[in-house]
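The block underneath contains the structure these notes are about, expressed in C-alpha cells.
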Amino acid sequence: MVSFTVRDEIIEVINKLFIYTDMQEWEKLQNEVFSDDVMFDMSSLGGAKEETSSKAICELWKKGFAGIDSINHLAGNYLVDIHDMVATVFVYATATHYKASATKGTTREFTGTYNIRLMKHGTGWKIYEFKYNLKYQTGNIDLV
C-alpha cells in the first residue's frame, strides 16, 4: 500500500469535494468531505455567508442541480498551508453544467477560486470553512 503525504491527503479531500458533487454522492460528501458544521460562503454568487450543516449544503446543491444532466468541476493550482491539525487551501476551479433540453445554449460555466480550511479529525481531514470566489460566468446562466 502506498503512503500519502499530509498534503496528498488534503488535496484528496478537495478532489473528493468536486468529484462527489459532480456524481451527486451527497452521503459521501457529508461523511468523507465536510465537517458536521461548516462556515459556508457563496456570497460571490449571491448566496449566503453562514454557519450551516453539511446536510444543509448537500440539500441546497441537490436542489440546485435538479434537472441538470451533467456537472463537471476541474480544479488545480493548489496552494496548501498546513499548521498542525489545520490546513488552508487555495484552489482554482471551473464548473461546467450541461442541460440537453436548454434552448438558449446547453451549457453554463463558472470560473473562480476557492478558499477552503480543513481540520484533522479522527477519520481524516474535513472541510470546516468553504468560500467560493466567482471571477466570471459564461454561457446560458439560467439553462433555459
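The values are calculated or read from the model by the stated rules, or taken from the named source; none is laboratory data. This is a predicted model, so every value here is computed, not measured. As a convention, Cβ positions derive from the backbone with ideal geometry for all residues, glycine included, and neighbour counts pool all protein chains shown.
Restricting attention to the range 105-144 and to residues that are surrounded by 16 or more Cβ atoms within 10 Å (Cβ to Cβ) and of a type in the set (Lys, Arg), the residue that is nearest to Gly47 (Cα to Cα) turns out to be Lys131. When you scan the range 44-57, do you find a residue that is among the basic types (Lys, Arg) and farther than 19 Å from Tyr128 by Cα, even just one? No, that holds for no residue.
Okay, residues lined up against (1) closer than 19 Å to Ile19 by Cα; (2) touching a residue at least 40 places away in the same chain (Cβ under 8 Å); (3) loosely packed, with under 13 Cβ neighbours inside 10 Å; (4) out of contact with any strand residue (DSSP E or B) (no Cβ under 9 Å at 6 or more places or on another chain):
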| residue | (1), (2), (3), (4) |
| --- | --- |
| Gly47 | no, no, no, no |
| Lys55 | yes, no, no, no |
| Leu60 | yes, no, no, no |
| Phe65 | yes, yes, no, no |
| Ala75 | yes, yes, no, no |
| Met85 | no, no, yes, no |
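Yes or no: Ala102 buried (at least 17 other Cβ atoms within 10 Å of the Cβ), in a loop (DSSP other than H, G, I, E, B), at pLDDT 95 or above and more than 13 Å from the chain's Cα centre (by Cα)? Considered against the rule, which asks whether it is buried (at least 17 other Cβ atoms within 10 Å of the Cβ), in a loop (DSSP other than H, G, I, E, B), at pLDDT 95 or above and more than 13 Å from the chain's Cα centre (by Cα), Ala102 comes out as yes.
Note on the range 16-98: enclosed strands (runs of 3 or more DSSP E) holding 2 or more residues that are in contact with a His (Cβ under 7 Å, 6 or more places away or on another chain) are 86-98.
On the stretch given as the range 16-45, residues that are over 17 Å from Ala95 (Cα atoms) and loosely packed, with under 15 Cβ neighbours inside 10 Å total 4. The lone criterion from (1) of a type in the set (D, E, K, R); (2) closer than 15 Å to Val13 by Cβ; (3) touching a helix residue (DSSP H, G or I) at 6+ places or on another chain (Cβ under 6 Å) left unmet by Lys49 is number (2). Select, from Asp142, Asp84, the only residue that is among the acidic types (Asp, Glu) and closer than 20 Å to Ile11 by Cβ. Unique residue meeting the criteria: Asp84.
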